[in-house]
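See below for the structure under consideration.
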Amino acid sequence: MLIMSRQDRERLNLTEVLLACDCRSPQGRRLKAAHRYYGPGEQEALEKEFLTIEKLVDFCHRHPKELQDALSLFMHFRDLRGTIAGLEKRRLLDVTELFEIKQAARLLKKLSEIPYLLEKTGLTIKPLKEIESLLDPKGQGTSGFYLYDEYSEKLATLRQERAVLEQQMEKRPEEAEKILALRAEIIKSEEREETRVRRMLCDALTPFTSSLSENLETVGQLDFSLAKARLAIHWGAPKPDILKKGETIILEQFFHPLIEEQLIMRGSSYERQTVAIAKGATVLSGPNMGGKSVTLKALTLSMALIHMGYFPPCDYAATPLFDSVSYSSDHFDTTKKGLSSFASEIVWLRDEVARQKEQYGFCVIDEPCRGTNPEEAKALVGALCRFFAKGTGCLVIATHYPTPEGSAIAHLRIRGIAEEVLLSVTGGTRGQLTDEEAIRRIESLMDYSIETVEEAAPIPKGALKLSEWLGMDRDFLALVE
């Protein structure tokens with residue numbers, strides 16, 4: 001399951017990212033909204049879903065016309081759960097509901113006739129010929145619905161009598177009152193007969209409710225899987241490999257699609273990253289402005305999407321399936337509740353530690369323990385790393401605190417700005433650059449790639465040089481030094 005607060009889901013942009021998964025039918029949108037999570041015991045089901053998506057990606061590339069035909073059909077389906085439940089309870093359906101059932105039967109038939117589509121998925125749509133015949137007694141194949149004369153000889157006769165009276169009323173206006181009275185009686189009889197016909201139709205449709213429900217469920221699965229395939233094409237995302245428990249996670253050139261799009265729109269670039277994460281603890285460090293939070297967002301997003309049955313935005317992905325994917329950012333917005341942010345964070349960590357004792361989890365934490373004194377924070381972060389190092393799950397944590405030593409504790413770092421590059425920039429004057437332009441220039445020099453840090457690796461410096469170049473007061477800088 002996904003373990004993250006509403007605020008952290010928003011910071012992860014999970015909902016916004018999934019808006020690009022464009023289901024066209026209410027059945028498909030309902031499946032998408034359920035946010036199914038595939039855990040370790042559901043590898044076979046997930047592999048089957050991934051294979052279906054992969055085949056549908058091929059379908060989209062090879063058969064664009066048939067794809068557009070399918071998308072058009074999906075848009076015309078309606079949510080018939082209430083109507084079907086009404087039939088099962090012998091509720092009398094109105095004409096609009098009967099029309100929607102007829103429309104669904106026509107759409108199912110057309111969908112089943114699209115070449116190659118169903119064979120790519122292994123799904124089956126069974127045309128409901130009995131429903132089509134029942135709701136189209138003339139066999140005209142029209143999309144509309146009416147309580148046809150063919151349903152009742154009496155109904156046909158009453159309609160003819162009403163038509164004759166209406167003609168007489170035009171010819172003999174002086175007898176209008178008498179004719180209207182007769183017409184009113186016929187209309188009452190007509191309505192009673194129409195009710196009887198609707199009851200007959202409902203009774204005839206009831207045996208097919210299960211078949212109709214199953215077919216509409218198939219429509220939802222097909223629509224949802226096809227939406228995932230189109231999303232995979234949009235991201236250039238391949239089918240992930242599912243590994244055995246304890247094997248190393250690999251994500252090559254992974255990215256956060258929404259953040260990448262936003263950066264490109266403002267004229268900046270997004271550097272995609274590659275990482276390997278073994279079981280235990282992985283500490284991510286790097287300079288401020290180095291993109292640690294964005295990296296963790298993109299990493300968590302890919303892991304969450306894989307467990308939800310999507311191809312993740314990357315060039316290659318391989319991971320075991322975890323019981324849970326949890327994410328916590330560095331900000332606990334509890335002021336409105338009158339709660340301590342640090343205490344709230346400790347409650348989250350308490351629950352996560354307890355969960356990891358029982359489950360095989362993947363946990364991402366962005367700069368924890370910033371709300372307490374550095375010595376205790378360092379101890380808490382160190383204990384968290386050592387705790388995961390002894391377990392079977394994975395922790396990825398971004399922090400400025402020192403990385404504890406020990407087996408199953410890895411240290412990764414975002415490279416940032418090389419010292420010689422920083423000196424070449426800060427050695428000169430800012431010129432006429434505005435603050436925004438200066439910051440953009442710094443961002444453009446940042447190397448967001450991830451490197452493995454060895455024990456003796458030097459800690460990157462440069463904050464003071466950068467502060468001076470950005471115009472920090474010299475007397476203040478002297479105090480810093």
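Observations on the structure shown:
- Residues within the stretch 262-290 that are buried (at least 24 other Cβ atoms within 10 Å of the Cβ) and among the small types (Gly, Ala, Ser), tallied: 1
For (1) closer than 23 Å to Asp223 by Cα; (2) touching a Phe, Trp or Tyr at 6+ places or on another chain (Cβ under 8 Å), each residue gets a yes or a no:
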residue	(1), (2)
Glu88	no, no
Thr96	no, no
Lys129	yes, no
Lys138	no, yes
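The rows are residues; the columns are (1) modelled with pLDDT under 90; (2) out of contact with any Ser or Thr (no Cβ under 6 Å at 6 or more places or on another chain); (3) assigned by TED's automatic domain parsing to the domain that holds Thr195.
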{"position": "Tyr116", "(1), (2), (3)": "no, yes, yes"}
{"position": "Leu123", "(1), (2), (3)": "no, no, yes"}
{"position": "Pro127", "(1), (2), (3)": "yes, no, yes"}
{"position": "Leu147", "(1), (2), (3)": "no, yes, yes"}
{"position": "Glu150", "(1), (2), (3)": "no, yes, yes"}
{"position": "Thr157", "(1), (2), (3)": "no, yes, yes"}
{"position": "Glu161", "(1), (2), (3)": "no, yes, yes"}
{"position": "Val164", "(1), (2), (3)": "no, yes, yes"}
{"position": "Glu175", "(1), (2), (3)": "yes, yes, yes"}
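- When residues in the stretch 360-387 are screened for being crowded, with 20+ Cβ neighbours inside 10 Å and either modelled with pLDDT of 95 or more or not in a helix (DSSP H, G or I) (or both), 9 of them pass.
- Selection count where residues are over 18 Å from Tyr327 (Cβ atoms) and either of a type in the set (Phe, Trp, Tyr) or more than 31 Å from the chain's Cα centre (by Cα) (or both), scope the stretch 353-379: 9
- Selection of helices (runs of 4 or more DSSP H) fully inside the stretch 26-133 by the criterion of at least 2 residues being aromatic (Phe, Trp, Tyr) returns 43-62.
Yes or no, residue by residue, for (1) modelled with pLDDT under 95; (2) within 30 Å of Asp203 (Cα to Cα); (3) surrounded by fewer than 19 Cβ atoms within 10 Å (Cβ to Cβ):
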| residue | (1), (2), (3) |
| --- | --- |
| Leu12 | yes, no, no |
| Ala20 | no, no, yes |
| Glu44 | no, no, yes |
| Thr52 | no, no, no |
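- Taken over the stretch 1-53, residues that are of a type in the set (A, V, I, L, M, F, W, C) and either over 16 Å from the mean Cα position of the chain (by Cα) or over 30 Å from Ser293 (Cβ atoms) (or both) amount to 4.
- Close pairs from the stretch 268-287: first within 15 Å of Glu247 (Cβ to Cβ), partner in a loop (DSSP other than H, G, I, E, B), Cβ under 7 Å, at least 6 apart: Ala276/Thr248; Ile277/Thr248; Ala278/Thr248; Lys279/Gly246; Lys279/Thr392; Lys279/Gly393; Lys279/Ala408; Gly280/Ala408
The values are calculated or read from the model by the stated rules, or taken from the named source; none is laboratory data. As the structure is a computational prediction, the values presented were derived from the model and not from experiment. As a convention, Cβ positions derive from the backbone with ideal geometry for all residues, glycine included, and neighbour counts pool all protein chains shown.
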